[in-house]
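The values are calculated or read from the model by the stated rules, or taken from the named source; none is laboratory data. Values in this document were obtained by computation on a predicted structure and should not be read as measured data. As a convention, Cβ positions derive from the backbone with ideal geometry for all residues, glycine included, and neighbour counts pool all protein chains shown. Ligands, DNA and RNA are excluded from the accessible area calculation, which covers all protein heavy atoms including side chains. Shrake-Rupley method; radii C 1.70, N 1.55, O 1.52, S 1.80 Å.
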Amino acid sequence: MALPDYSALGHKEILVSLENHIVVIVINRAKYRNTYNQRTVHELNEVFDLCDRDDRVRAVILTAEHDAPAFCSGADISGGWDILWSPETLSEGDQAHRDTGGTLSVAVYRCRKITIAAVNGHAAGVGMTALQLPFDFRFVWAGAKLTFPFVRRGIAPEAVSSYLLPRLLGHSRASSLLLTGATVSPNSPYIEALYHKILPTREEVLPAAKAFAEELVANTSQVAIAYAKGLLQHPGESIEENHLIDSRIIRTLASSPDGAEGVNAFKERRIPKFTETLSQHSSPFYPWWWRLDIKHRRTKL
Amino acid sequence: MALPDYSALGHKEILVSLENHIVVIVINRAKYRNTYNQRTVHELNEVFDLCDRDDRVRAVILTAEHDAPAFCSGADISGGWDILWSPETLSEGDQAHRDTGGTLSVAVYRCRKITIAAVNGHAAGVGMTALQLPFDFRFVWAGAKLTFPFVRRGIAPEAVSSYLLPRLLGHSRASSLLLTGATVSPNSPYIEALYHKILPTREEVLPAAKAFAEELVANTSQVAIAYAKGLLQHPGESIEENHLIDSRIIRTLASSPDGAEGVNAFKERRIPKFTETLSQHSSPFYPWWWRLDIKHRRTKL
Amino acid sequence: MALPDYSALGHKEILVSLENHIVVIVINRAKYRNTYNQRTVHELNEVFDLCDRDDRVRAVILTAEHDAPAFCSGADISGGWDILWSPETLSEGDQAHRDTGGTLSVAVYRCRKITIAAVNGHAAGVGMTALQLPFDFRFVWAGAKLTFPFVRRGIAPEAVSSYLLPRLLGHSRASSLLLTGATVSPNSPYIEALYHKILPTREEVLPAAKAFAEELVANTSQVAIAYAKGLLQHPGESIEENHLIDSRIIRTLASSPDGAEGVNAFKERRIPKFTETLSQHSSPFYPWWWRLDIKHRRTKL
């Protein structure tokens, strides 16, 4: 692929930069309380798709300005619920229901790089769902007010939150959050297991996420991370099926450049230096799962 | 449906009342340590089925008298294990195995209203399983002694507890409870995540559950709660399938009376007032899952 | 089956004893930091298979010498990744990928007796995966350094850890462990829910595990434990399917010797004394799940 210049993609709602293999995305709608609109999601989708394919990118951090009114206060529904769908979807009628928040969740979930949400402010609605749940790690400000407000707005949990949240935390905590619509703090027992790290001030959240990403980028294998994410997301239906999948992967990686470097560094008692990229690596069995196409297709059938 | 008078249904083992859209069920067998018998389960099954269909009911709370010897000390097995099956089931022979505790668990799980167990005393056996696990929320007295005693009684975990408990808490904690049969307190790390709230005295449990229910009844949508519960119970097999389901639901709710009220209240900066009922609401795709029939049918095949 | 003498099976890498229905396995490779090699896994596989079938055995404890450098510091990869496969597998070429760690995980998982890992030292790699995750209970020394190092070694999580860890702890904690390769303590919020008990000194771990096992052996039913484990591992696809399975089991156990003893002891207000064994017990519906064969078969097809 042609290597994109992330800061020159013409984004309006987000600021994007690539440095030391880490893409940082800053939601740039402070004067709208960082509410989500169609263009924001469109731009985010584009960046996550690019990061997935760009070998230079090892980690993606999503954050906001730490002095914005919120990390993301959800969709701006002052004009009605139509904000949840793209104009194309809306024009196709009621059968075309894919909400853009859900498409973003899927795009982040499918990104094979390390993904981190650096939640340095309050979060509600899509700010809790698509902008946090599909990420590998979540860093958060201890003072953030966090809300899944759906049942208090007459709608249901969106952006695949009913799939992701119970898997992340278990059903007891997920029910306490999704069925109440309550506002909680990161230290609440209902939600604390969602976060990799809770920071005392807003200013500390992004630097902590960056330092964490830098350490992982320096010391982990891009290929190994992609397979590990694939295994966590698609472990097989049984312990036996998982054994057939993970052993096949390890057998392949054992003779790959990064696998060889891992063993050599061990023998030589030094830190490994991994250089293999996803586009260099090919495997006849990746992906090992069936990827359901979620695109809507207009049809007369 | 004809609107039932809950306090005049001729129940013997439970006391039932409906007030402010909340049904409160009190187990009324204090002199038998609130043990479970066939009639208790039969009466509870009937109430949960009615509450599911009665639009007036927004929440169901199950509790006991706070000065009873126990919230529920399990099945009264002094006459043998036959207490676990209905007389009709027993008469059909060994192939007819559906235990009544399991049927109650399924009835509570399928109830589309907010369900709360207010555990204001000790609980064992079915008092831990059918009377707690299928509920959306559990409130408990900090001093309660809690036991899943099955492996210490020569039988296996019953009433779908082997399905529900690992989903609620994860397998590590579920094994620590179900494979030991140990007696634990609500503050034990093995079980604390099961509870929405732990109260210091027995007297406080029901009022806390009621206040919680009243707030939810006042500020959430009946239809949205039913869909949210459906999504948590039947999220689809993959993130993509969940996206297809939840987006379809949101698209429908966006043009429903409660969805409209949610958006209008937001615009007008006021608290929403939801009035739609489940029987007014109809949808061509609800339920979106296949509901397995669990009734036993005598057959000569 | 012929009753094995566990201490006379010619094991070289492990010490095995049977006392009071409890098999204790001690990893006997202190001078190699208790690293795993082919023979260790082969011997462990054999013992877990025997324990599964030997009626005398009620519980199996895996531990190390408390003054060894580690409980298990993983595979000894100083000779390369080939250590992960048996010589037979290696000779069959790249299609033969079943790693021995994975086969051990499956053997422990399938053992129908109570299984306990007594982790009285540091643990890494297979020492975290096959030697801990498939067990029913884990006891650990508070000072243990615990690591899933895979992504820092250029390979993916092995020995079915991507299947077991998220089920045990939820996906949020599992990602924090498997995608970082960080070294954590048992009291870390990322991992503490993995452990049934955390002990302050290395010396206390095995005695605590033994006392726990002795109490369970004395007071639980061998048959009930096997069914409870089966239900936790194979609960059915839905709440309804679980109801059909668990009720069928309870109906059977209610008329079994251990089930009868459970009820009789209750009536007579005494502690039950269970004597039924797995080989005495037979059931037309056990196992109720499809057991995938994981053996590799060389074929010209």
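What to note about this one:
- Residue match in the stretch C:109-130 (condition: of a type in the set (Phe, Trp, Tyr), in a helix (DSSP H, G or I) and within 12 Å of the chain's Cα centre (by Cα)): yes
- Residues in the stretch A:33-49 that are closer than 17 Å to A:His66 by Cβ and open to solvent by 60 Å² or more (accessible area, probe 1.4 Å): A:Arg33 alone.
- Residues in the stretch B:176-189 that are within 8 Å of another protein chain (Cβ to nearest Cβ) and in contact with a helix residue (DSSP H, G or I) (Cβ under 8 Å, 6 or more places away or on another chain): B:Leu178, B:Leu179, B:Thr180, B:Gly181, B:Pro189.
- The set of residues from the stretch A:133-144 being closer than 8 Å to A:Ile116 by Cα and within 11 Å of another protein chain (Cβ to nearest Cβ) comprises A:Phe135, A:Asp136, A:Phe137, A:Arg138.
- On the stretch given as the stretch C:193-216, residues that are away from chain B (no Cβ under 13 Å) and within 30 Å of C:Arg251 (Cβ to Cβ) total 0.
- Cβ-Cβ under 6 Å pairs, at least 6 apart or on other chains, the stretch B:72-95 side within 7 Å of chain C (Cβ to nearest Cβ), far side in a loop (DSSP other than H, G, I, E, B) and open to solvent by less than 50 Å² (accessible area, probe 1.4 Å): B:Leu84/B:Asp99
- Residue among B:Gly93, B:Gly79 that alone is of a type outside the set (S, T, N, Q), loosely packed, with under 14 Cβ neighbours inside 10 Å and more than 26 Å from C:Arg269 (Cβ to Cβ): B:Gly93
- Looking across A:Ile27, A:Ile14, one residue alone is open to solvent by less than 10 Å² (accessible area, probe 1.4 Å), of a type outside the set (Lys, Arg) and under 15 Å from the mean Cα position of the chain (by Cα). It is A:Ile27.
- Subset of the stretch C:96-114 [within 14 Å of chain A (Cβ to nearest Cβ) and open to solvent by less than 10 Å² (accessible area, probe 1.4 Å)]: C:Ala96, C:Asp99, C:Gly101, C:Gly102, C:Leu104, C:Ser105, C:Val106, C:Val108, C:Cys111
- Residues of the stretch C:148-175 satisfying the condition of being of a type outside the set (A, V, I, L, M, F, W, C), more than 7 Å from every other protein chain (Cβ to nearest Cβ) and not in a helix (DSSP H, G or I): C:Pro149
- Subset tally (residues that are more than 23 Å from A:Ala30 (Cβ to Cβ) and aromatic (Phe, Trp, Tyr)) for the stretch A:97-137: 2
A quick yes/no check of all residues on (1) of a type in the set (A, V, I, L, M, F, W, C); (2) within 18 Å of B:Arg112 (Cβ to Cβ):
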| site | (1), (2) |
| --- | --- |
| B:Thr220 | no, yes |
| B:Leu232 | yes, yes |
| B:Arg269 | no, no |
| B:Phe274 | yes, yes |
| B:Phe285 | yes, yes |
| B:Trp288 | yes, yes |
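- Every residue from the stretch C:1-49 that is of a type in the set (Val, Ile, Thr) and in a strand (DSSP E or B): C:Ile14, C:Val16, C:Ile22, C:Val23, C:Val24, C:Ile25, C:Val26, C:Ile27
- Any hit, the stretch B:50-65, residues being open to solvent by less than 20 Å² (accessible area, probe 1.4 Å), within 14 Å of chain C (Cβ to nearest Cβ) and in a helix (DSSP H, G or I): no
- Residue, surrounded by the most Cβ atoms within 10 Å (Cβ to Cβ), within the stretch A:185-205, restricted to residues that are of a type in the set (D, E, K, R) and assigned to a helix (DSSP H, G or I): A:Arg202
- For the stretch A:66-94, a residue qualifies if it is more than 24 Å from A:His296 (Cα to Cα) and assigned to a helix (DSSP H, G or I), and the qualifying residues are A:Ser78, A:Gly79.
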